[in-house]
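The values are calculated or read from the model by the stated rules, or taken from the named source; none is laboratory data. Not measured: the values here are computed from a predicted model. Note: ideal-geometry Cβ built from the backbone for every residue, glycine included; neighbour counts use all protein chains shown. These accessible areas exclude ligands, DNA and RNA; they are computed on the full protein's heavy atoms, side chains included. Shrake-Rupley method; radii C 1.70, N 1.55, O 1.52, S 1.80 Å.
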Amino acid sequence: MSWGALLQPDLVIHGSILNLTPEMVKQYHLKGLVLDVDETLVPLRVPQASAELIHWVEEIGQVASLWLVSNNLSLPRIGNIAKTLNVPYITGAAKPSRRKLRQAVTAMNLPVEQVGMVGDRLFTDVLAGNRLGMFTILVEPIIDPNAPLRSYPIRNLEVLLSQALGVSMVGKQQNFKNLDKF
């Protein structure tokens, strides 16, 4: 499989993870979701989930099993977020390694093809999910509006490299009928 194919998400959500709806999850026949944490669910260094995220998890949890899988090593921070969301979690995933993703999928007792990997990074989340054969969903990062303006040179480099490899910022299975809602 080419690098371009490994980095190509199946679905690109314009906006945050909160724009991923239960209807979309059902449309793609997903029964489980593995969720990245930092800047996918909460801004970097924010120790808790927002009320909007808690509500989103409650809605999505009605149609799919959920697991948090983070590269972050902070057990207290990730554990607190997971406890607030009432979702099992794994820290220190070392994505794009597949090992901890496979552990979460196995715990869900679902075929890997029915589990989506949701994250904000191409070279960690999407790459790991694609390497395992998961349905991959790229979302825009959630940034703390109170934090000083930050630049994202690594993320910008990832996007430039991936585009040079032929990756499109439109998902390869992007056929959701109500894209104007985003």
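Within the range 65-85, the only residue that satisfies the criterion of being of a type in the set (Ser, Thr, Tyr) and open to solvent by less than 30 Å² (accessible area, probe 1.4 Å) is 70. Taking residues in the range 11-29 that are farther than 17 Å from residue 140 by Cα, and partners anywhere that are part of a helix (DSSP H, G or I), the pairs with Cβ atoms closer than 9 Å and at least 6 places apart or on different chains are 22/59; 22/60; 25/60; 29/113; 29/114. Per this entry, residue 62 is counted among residues that are assigned to a loop (DSSP other than H, G, I, E, B) and either open to solvent by 70 Å² or more (accessible area, probe 1.4 Å) or at pLDDT 95 or above (or both). Residue-level analysis places residue 20 among those that are within 30 Å of residue 146 (Cα to Cα) and buried (at least 19 other Cβ atoms within 10 Å of the Cβ). Selection of the range 4-48 for residues being among the hydroxyl-bearing types (Ser, Thr, Tyr), under 19 Å from residue 159 (Cβ atoms) and over 13 Å from the mean Cα position of the chain (by Cα) yields an empty set.
Where helices (runs of 4 or more DSSP H) fall wholly inside the range 86-182, the ranges with 2 or more residues that are modelled with pLDDT under 95 and surrounded by fewer than 17 Cβ atoms within 10 Å (Cβ to Cβ) are 153-164.
Yes or no, residue by residue, for (1) of a type in the set (Ser, Thr, Tyr); (2) more than 17 Å from residue 3 (Cβ to Cβ):
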{"position": "70", "(1), (2)": "yes, yes"}
{"position": "76", "(1), (2)": "no, yes"}
{"position": "83", "(1), (2)": "no, yes"}
{"position": "87", "(1), (2)": "no, yes"}
{"position": "90", "(1), (2)": "no, yes"}
{"position": "98", "(1), (2)": "no, no"}
{"position": "109", "(1), (2)": "no, yes"}
{"position": "119", "(1), (2)": "no, yes"}
{"position": "140", "(1), (2)": "no, yes"}
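Cβ separations smaller than 6 Å between residues 6+ apart or across chains give the following pairs from the range 120-145 residues that are without any contact (Cβ under 8 Å) to a residue 24 or more places away in the chain to residues that are surrounded by fewer than 19 Cβ atoms within 10 Å (Cβ to Cβ) and not in a loop (DSSP other than H, G, I, E, B): 133/112.
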